[in-house]
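The values are calculated or read from the model by the stated rules, or taken from the named source; none is laboratory data. This one's a predicted model, so the numbers in the text were calculated from it and none came from an experiment. A quick note on method: Cβ atoms are made from the backbone with ideal geometry, for glycine too, and the neighbour counts reach across all protein chains shown. Note: areas computed on protein heavy atoms with side chains; ligands, DNA, RNA excluded. Shrake-Rupley method; radii C 1.70, N 1.55, O 1.52, S 1.80 Å.
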Amino acid sequence: MTTENSNNMSEDVHQPSYKLDFMTFGFLLILTALTIWASYATGGTTVLAVSIAMTIATIKASLVVINFMHLRFDNIVYKIFVGVVIVLFLSFMLMMAVDYAYR
Amino acid sequence: MSENHTSNSEESFYKSKKGLASWIFTLDHKRIALLYLYSIAIFFLVGMTLGFIMRLELFAPGGQLMNPRTYNQMFTFHGVIMIFLVIIPSIPAVFGNFMLPIMLGTDDVALPKLNLFSWWLYVIGAVMALSTLVWGNGPADTGWTFYAPYSVTSDTDVSMLLLAAFVLGFSSILTGLNFIVTIHRLRAPGMGWFKMPLFAWGLYATAWIQLLATPIVGITLLMVVVERSFGIGLFNPALGGDPILYQHLFWIYSHPVVYVMILPAMGIISEIIPTSAQRTIFGYKAIALSSMAIAFLGYFVWGHHMFTTGMSGEAAIVFSFVTFLVAIPTAIKVFNWIATLYKGSIHITPNLLWSVAFVFNFLIGGLTGLINGALATDVHIHDTTYIVAHFHYTMFGGTIFVFFGALHYWFPKIWGRMYNTKLAYWALGLVFFGFNVMYGAMLVVGIQGMPRRYFDYLPEFEHLNKISTVGSWFLVFGILLMIFNLVRSARKGKKAPRNPWNGVTLEWQVPSPPPLHNFDHAPILSEKGPYDFSILGEINKYETTKIDK
Ligand code: HEM
């Protein structure tokens, strides 16, 4: 039983691409610089500043998960799992926002 | 696997290796399950003793045995033990570990080393929690919920208990992860998703909650430790923090976790009932999918613990509405169980009666929950002993009753012996009676206005508190009688056959107790799903043990 299942693993083999890795890395650096610039440009602690910083951080995390953690090469099941987690997280934020917005 | 019909040749997993090290470093899912069982049993007894002493304190108004601070520490420790060390790991770590691989037709979980590691994390977390008894300024007095800002300012040893809960959370995550991988990858050939036993479905839904919700409470508890240690204002308003944010983060985990407690229990009921009625379960798919629906909806109801905190009214309405939705998949299960029993050829056994007692208690737990979920009524009963009774009805009358039922159901499989049925009925009767007297009285005195977490009370509450304490004596006596019966039977009971209750799921096809690699013949699966009783004859062909009736 165990051996039959472990054979499925071989389907996941893919060619790593250094070009993609370096491009991702470069993009992450640019986004980091953008975060720093945005914090100065918007005054650091305003709602706008935090929103921009969080948005950029989310894009960076997604790049890491998709390219460095190889989600793009993974089975559809894993993509669905990650999708479910994102939906859950956004729902938590939304429901808490209902409290904060109307309190 | 051998096709030998008379093969009792493979030794049971108890005999495969000997010595302490062969247990505490084992990778066998069955031994790990038993390690969990014995650890959880010890902590249950400790927690029970604390509960018993608290009830003695409440026998009469005024201080009887302790001062208020000790009472606060007692209910905190009782709550932490019962939640983090007993009920969260209980069914998944014991019966999930033991039965899931067998019920799926495989020889172990997908990640056996991780499985052992999770038990070790459990032990480390337990030792950390216990260390607060002898260390620092004494055990925490915050309640198991660690609400800020008091948890930030209390001079007791809150940080260590928080770190213990953090480590225990990891243990729970690893168990969940293991089960998800096992269910995805190790099902026997031919066992599709909708051919899995319903216990496996319950564990699967649970595992997703363990995996996705536990990290949130882990981080939240660490945030309290950081706030206590470095004075960073996260939750304490005096430092610019928001105490309601703590409650949001805490309950985002701690509400879904009540489904970690109940879904595997409901899975076990869905095993015991078809076996006892000797017929296929009514509404298999509805039960399987309702577990997933409960797990999913359970994520969005956490705010119902916070109606009186000053949270916005709009948010409260949303949370109250979603709370009522959870009743739908829950009711689907209960109706299906009753429909399965209806006109079945019912065999009364202790495990069936534990299950019926569960349905009774859980109905009371569920219906009292509707009153908590409704905004207007919750304001009146919030923080009264009504709430304490409500959650004991669901967690204790629910999950722990099923845990006891499962012990009786799978006892012959795990220990290869039968227990004394007469004593089992007596124990069940005492526990059921004591439980309902104790918590029934707490429900009523709660509605009358007695607050929870108080070591003293007004004279008008004395009568019901006395009744409640007397109930706890029956309850505790019944539990001790049950343990005595099971421990004695595990050593001296009659030898059990493979299939004493005539079940058809795969665990009844392996010897009792199972050998190290579980199966001594290829598992027999029915085309018609896991509860097809027409294959019973074929399964029982493998019986080799002589049963003296
Ligand atoms: C075995 C018999 C048990 C007895 C005699 C018992 C008794 C009690 C008592 C007297 C309280 C304190 C009520 C108050 O002053 O507010 C309490 C609280 C609590 N119990 Fe139990 N209980 C038992 C089993 C359990 C079980 C099985 C669980 C969970 C699985 C559990 C979970 C809790 C929790 C979470 C609290 C709240 C602690 C807090 O307020 O922070 N108990 N119990």
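Annotations
- For residue B:417, residues with placed amide H under 5 Å, excluding near neighbours: B:496
- Whole-Hz ³J(HN,Hα) from phi, Karplus 6.51 cos²θ - 1.76 cosθ + 1.60, for the range B:425-430, glycine and proline x: 5, 4, 4, 4, x, 5
- Chain-alone versus full-assembly comparison, the range B:306-344, residues with accessible loss of at least 40 Å² (1.4 Å probe): B:312, B:314
- Once A binds B, the 1.4 Å probe can no longer reach about 2100 Å² of accessible area, counting both sides.
- Annotation for residue B:452 and residue A:56: the two label points, set 7 Å from Cα along the Cα-Cβ direction, are 4.6 nm apart.
- Taking a straight Cα-Cα cut-off under 16 Å and skipping sequence neighbours fewer than 8 places away in the same chain, the aspartates and glutamates within cross-link reach of residue B:285 are B:271, B:527, B:532.
- Each pair of Cα atoms in the range A:16-101 enters the Kirkwood radius, and Stokes-Einstein at 4 °C and 1.567 mPa s then converts it into a translational diffusion coefficient of 87 µm²/s.
- A protection proxy built from the mean count of other Cβ atoms within 10 Å ranks the segments B:530-538, B:94-102, B:190-198, A:46-54, most packed first, as B:94-102, B:190-198, B:530-538, A:46-54.
- At an R0 of 35 angstrom, the distance between the Cβ atoms of residue A:91 and residue A:29 translates into a FRET efficiency of 0.60.
- Cα gyration tensor, the protein assembly as shown - rounded (a/c under 1.5), prolate or oblate: oblate
- Within the range B:425-439: backbone nitrogen closer than 20 Å to the residue B:467 label point (7 Å, Cα to C-beta): B:430-439
- Pairs beyond 18 Å (Cα-Cα), from B:413/B:494; B:18/B:494; B:195/B:541: B:18/B:494; B:195/B:541
- Share of carbon and sulfur in the accessible area of the protein assembly as shown stands at 71%, probe radius 1.4 Å.
- Nearest-ten-degree value, helix B:284-297 long axis tilted from longest Cα axis of chain B: 20
- If R0 is 22 Å, the Cβ-Cβ spacing of residue B:150 and residue B:49 corresponds to a FRET efficiency of close to 0.30.
- Against chain B, whose longest principal axis comes from its Cα atoms, helix B:29-57 is set at around 40 degrees.
- Here is the tail figure for the range B:378-431: Cα pairs spaced more than 18 Å apart come to 50 percent of all pairs.
- Remark: the range A:46-103 carries 66 Å² of accessible area per residue (probe radius 1.4 Å; ligands, DNA and RNA excluded).
- In straight-distance terms, cross-link reach from residue B:113 covers every one of the aspartates and glutamates whose alpha-carbon lies under 17 Å from its own, apart from those fewer than eight places away in the same chain; here that gives B:28.
- Using only alpha-carbon positions in the range B:451-549, the gyration tensor eigenvalues give semi-axes of 47, 19, 12 Å once each is multiplied by 5 and square-rooted (largest first).
- Angle between chain B longest axis and helix B:158-185 axis [Cα atoms, degrees, rounded to 10]: 30
- Stokes-Einstein diffusion for chain B, with the hydrodynamic radius set to the Kirkwood value over Cα pairs and evaluated at 37 °C in a medium of 0.692 mPa s, equals 137 µm²/s.
- Computed packing ranks the peptides A:76-89, B:42-55 as B:42-55, A:76-89, most packed first, by mean other Cβ atoms within 10 Å.
- Straight-distance candidates among the lysines for linking to residue A:79, with alpha-carbon spacing under 19 Å and chain neighbours fewer than 8 residues away dropped: A:60.
- Residues whose placed amide H lies under 5 Å from that of residue B:384, excluding near-sequence neighbours: B:452
- q = 0.09, 0.13, 0.21, 0.23 Å⁻¹, the range B:223-341: log10 I(q)/I(0) [Debye, one scatterer per Cα]: -0.38, -0.64, -1.08, -1.19
- Residue-averaged beta-carbon neighbours from other chains (10 angstrom radius) around A:80-88: 2
- Solvent exposure of chain B as accessible area per residue, Å², 1.4 Å probe: 37
- Whole-Hz Karplus values for the range B:511-528 come out as x, 10, x, x, x, 3, 9, 6, 9, 10, 8, 4, x, 9, 10, 8, 4, 8 Hz, taken residue by residue from phi with 6.51 cos²θ - 1.76 cosθ + 1.60 and θ = phi - 60°; glycine and proline positions read x.
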